[in-house]
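**Student:** Take a look at the following structure, please.
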Amino acid sequence: MFDTPDDKSPAAELNERIRALMLRPGGRLTEDQRAEYQVLLQEWAAAVRGSVVRAA
């Protein structure tokens, strides 16, 4: 599905964005950042669910 090392799954890209948001200076998220975090978290969860293969 991901042919080269540069190809990342949507979940991995969202995870990177979430980590970057959490590593911002100040130690706390603003209200806008919290809202962004919530959106990213929901998108990440959907991406993870979409990538899960059911066992037979």
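What follows is calculated from the coordinates using simple rules that are stated; it is not laboratory data. Model, not experiment: these values are computed from the prediction. FYI the Cβ positions are ideal-geometry reconstructions off the backbone, even for glycines, and counts take in every protein chain you see.
**Student:** Output the peptides 20-27, 32-39, 8-15 sorted from most to least packed, where packing is the average of other Cβ atoms within 10 Å over each peptide's residues.
**Tutor:** Numbers: 20-27: 9.0, 32-39: 12.0, 8-15: 15.5.
Highest to lowest by the protection proxy: 8-15, 32-39, 20-27.
**Student:** Using the Karplus equation 6.51 cos²θ - 1.76 cosθ + 1.60 (θ = phi - 60°), what ³J(HN,Hα) coupling, rounded to whole Hz, does each residue of the stretch 18-31 give in order, writing x for Gly and Pro?
**Tutor:** 5, 4, 4, 5, 6, 8, 5, x, x, x, 9, 8, 6, 4
**Student:** If we count every other residue with Cβ under 12 angstrom of Glu43's Cβ, Lys/Arg +1 and Asp/Glu -1, where does the sum land? Please report the intermediate quantities before stating the final value.
**Tutor:** Details: positive: Arg17, Arg49; negative: Glu13, Glu36.
Summing Lys/Arg as +1 and Asp/Glu as -1 gives 0.
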